[in-house]
Amino acid sequence: MIYAQYIRHSASLGRPRLHSTFPAVVGCEQPSVRLALLLVLCLFSLCSLAQQVGKPLPKWKEGGLDIHHINTGQGSATLLVFPDGTTLLVDAGAINSRDWRTNKPRNIPTKPSNERQAGEWIARYVQKALAHQTSPAIDYALISHFHDDHMGTPLNVMKQSSAGYTLAGITEVGELIPIRKIIDRGWPDYSYPTPMTADSMVSNYRRFLQWQQQHKGMDIERFRAGSNDQLVLLKSKKYPFEVRNIAVNGEMWTGSGNQTASLFPPLSSLKSADFPNENMCSAVFQIRYGKFDYFSGGDLQGVIRFGAPAWHDVETPIAQVVGPVEVQLVDHHGYPDSQNGALLTRLQPRVMVVPSWASSHPGKDVLERMFSEEFYKGPRDVFMTNLLPEAKTAIADLLPRLQSEGGHVVIRVEKGGKKYQIMVLDDTTESFRVKAVYGPYQSK
Ligand SMILES: [Zn+2]
């Protein structure tokens, strides 16, 4: 097994991009010396990377940026450890309790097992990933939008807090690990684009917020489009690091100062059938660390249904203010309405991570677009957190082009942001065992 992974890794290292990792060698005068040095460096790199395979993920180090795409099979959950140690959890999906999504062939069973709910698995992962802290805590939790695969649904869940709300997704994470501040698109009135009072998931979440605020001192804020001072380094400002809030609720950063523009027409001018949907309202952000860029677009859509107004494509305008990135969390799990050509042309991601949980993730045409050089030239690596047999059948001829078909996908950016690696971790246990390592990649 390890040998097979080593071979796969070797193949990854053979890609042209790797050569840019060794600029010193290119400067040598003698071709033979240059070749020998290159071989030595490649071997050294191969050996050091191969040493990591089969072992637990090394701990986060000060100055590094870790982005863990946690795979429970139940929706999105991303833990970020900023260079100074500040922590951000984006989403905590838990779909398993909704009847029509239970034990259906189109869905993925809970990982590592059904012994616990997804929220508890996420909390346990976070505690382990933050083992360098004496008492692990989440500084910021961000809920990108109010869907069960991003926040967890209480429907049919028996597990209750002593305070009377149901424990599922983010409310379960908050029961097990302290969350200092939570940020979402609805606080404080939860009324955009229409009041959410009838939504049992949002109502349960609001009971959780109220209790946490009163008894644990948790701060709650609404995600502010255009801001670069809402998600900040809390322990040290010495790193060239920034989180820019790109868009939320149809309000988008213009690229200038903290100014925003509206993507949606006034609601009063719309038929209710054309109202912005929940996915279009996602909280979207970009991270910059030196030359390294990461984009997280929630469930944005860019391929709209026939007859829908053109402004329902929100990927196209949002991509224009983002620009090229090293790593993209693929929009809407790679569902057929995501990853349009304009977005790919603008973002040109070197690495794409698909947070999949159903047989429709990724759509075949979506994957074809992601691999197409029609939109941008050069290599790109695609990592799935899951891939159901039904999805494999549907995308069969593209299957060999995927770097990874499953596991937690960890982006480890080195101090300063110049280089990064991808580690795929075993998701069948809580071992944090590294299954494969990719890179190093050079940030542009
Ligand atoms: Zn989703």
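The values are calculated or read from the model by the stated rules, or taken from the named source; none is laboratory data. The shown structure was predicted, so the numbers you read here are calculated from the model rather than taken from an experiment. Neighbour counts run over all protein chains shown; Cβ positions are idealised from the backbone, glycine included.
Quick one: count up the residues across region 179-189 that are without any contact (Cβ under 8 Å) to a residue 60 or more places away in the chain, under 17 Å from residue 214 (Cα atoms) and surrounded by 20 or more Cβ atoms within 10 Å (Cβ to Cβ).
Initial filter on region 179-189 (without any contact (Cβ under 8 Å) to a residue 60 or more places away in the chain): 180-182, 186-189.
Subsequent filtering for residues that are under 17 Å from residue 214 (Cα atoms) retains 180-182, 187-188.
Subset that is surrounded by 20 or more Cβ atoms within 10 Å (Cβ to Cβ): 182.
Residues flagged as without any contact (Cβ under 8 Å) to a residue 60 or more places away in the chain, under 17 Å from residue 214 (Cα atoms) and surrounded by 20 or more Cβ atoms within 10 Å (Cβ to Cβ) within region 179-189 amount to 1.
Taking the condition of being away from the ligand (no atom under 16 Å from the Cβ), surrounded by 22 or more Cβ atoms within 10 Å (Cβ to Cβ) and either at pLDDT below 95 or under 16 Å from residue 185 (Cα atoms) (or both), how many residues in region 118-149 meet it?
Total satisfying the criteria: 2.
For residue 152, only one of the following conditions fails: (1) among the small types (Gly, Ala, Ser); (2) within 14 Å of residue 75 (Cβ to Cβ); (3) away from the ligand (no atom under 16 Å from the Cβ). What is its number?
(3)
Would you check if residue 286 is among the polar types (S, T, N, Q), within 16 Å of the chain's Cα centre (by Cα) and more than 16 Å from the ligand (Cβ to nearest atom)? Give the derivation first.
Working: among the polar types (S, T, N, Q): yes; within 16 Å of the chain's Cα centre (by Cα): yes; more than 16 Å from the ligand (Cβ to nearest atom): yes.
Yes; evaluated as a whole, the condition is true for this residue.
Based on what the data block shows, is residue 39 more than 19 Å from residue 413 (Cα to Cα) and modelled with pLDDT under 95? I'd like the intermediate steps shown before the answer.
On the way: more than 19 Å from residue 413 (Cα to Cα): yes; modelled with pLDDT under 95: yes.
When the stated conditions are applied, residue 39 passes them.
Condition check ((1) within 15 Å of residue 409 (Cβ to Cβ); (2) modelled with pLDDT under 90) across all residues:
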| residue | (1), (2) |
| --- | --- |
| 47 | no, yes |
| 63 | no, no |
| 69 | yes, no |
| 80 | yes, no |
| 83 | no, no |
| 91 | yes, no |
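Could you tell me whether any residue of region 374-384 is within 16 Å of the ligand (Cβ to nearest atom), assigned by TED's automatic domain parsing to the domain that holds residue 238, at positive phi and surrounded by 20 or more Cβ atoms within 10 Å (Cβ to Cβ)? Reasoning before the result, please.
Within region 374-384, the first condition is being within 16 Å of the ligand (Cβ to nearest atom), and the residues that meet it are 384.
From what is left, the residues that are assigned by TED's automatic domain parsing to the domain that holds residue 238 are 384.
Okay, now just the ones that are also at positive phi, so none.
Within region 374-384 (the criterion being within 16 Å of the ligand (Cβ to nearest atom), assigned by TED's automatic domain parsing to the domain that holds residue 238, at positive phi and surrounded by 20 or more Cβ atoms within 10 Å (Cβ to Cβ)), the answer is no, since none of the residues qualifies.
Every residue in region 316-347 that is of a type in the set (D, E, K, R), more than 16 Å from the ligand (Cβ to nearest atom) and without any contact (Cβ under 8 Å) to a residue 40 or more places away in the chain, please.
Within region 316-347, the subset of a type in the set (D, E, K, R) is 326, 331, 337, 346.
With the extra rule that they be more than 16 Å from the ligand (Cβ to nearest atom), the set shrinks to 326, 346.
If the condition is that a residue be of a type in the set (D, E, K, R), more than 16 Å from the ligand (Cβ to nearest atom) and without any contact (Cβ under 8 Å) to a residue 40 or more places away in the chain, then 346 is the only one that fits.
Considering each of 209, 155 in turn, give the residue that is of a type in the set (A, V, I, L, M, F, W, C) and either in contact with a His (Cβ under 7 Å, 6 or more places away or on another chain) or assigned to a loop (DSSP other than H, G, I, E, B) (or both).
Working: 209 fails: either in contact with a His (Cβ under 7 Å, 6 or more places away or on another chain) or assigned to a loop (DSSP other than H, G, I, E, B) (or both).
The conditions single out 155.
So which residues in region 150-178 are buried (at least 24 other Cβ atoms within 10 Å of the Cβ) and either at pLDDT 95 or above or aliphatic (A, V, I, L, M) (or both)? Break it down into steps so the answer makes sense when it comes.
First, pick out the residues of region 150-178 that are buried (at least 24 other Cβ atoms within 10 Å of the Cβ): 150-154, 166-174.
150, 151, 152, 166, 167, 168, 169, 170, 171, 172, 173, 174, listed by residue number.
Restricting attention to region 385-427, which residues are β-branched (Val, Ile, Thr) and in contact (Cβ under 8 Å) with a residue 40 or more places away in the chain?
Of the residues in region 385-427, the ones β-branched (Val, Ile, Thr) are 385, 393, 395, 409-411, 413, 422, 424.
Within region 385-427, 385, 409, 410, 411, 413, 422, 424 meet the criteria.
Hey, among 299, 274, 313, 293, which residue is surrounded by 19 or more Cβ atoms within 10 Å (Cβ to Cβ), away from the ligand (no atom under 16 Å from the Cβ) and over 26 Å from residue 83 (Cβ atoms)?
Values: 299 fails: away from the ligand (no atom under 16 Å from the Cβ); 274 fails: surrounded by 19 or more Cβ atoms within 10 Å (Cβ to Cβ); 293 fails: over 26 Å from residue 83 (Cβ atoms).
Matching residue, one of 299, 274, 313, 293: 313.
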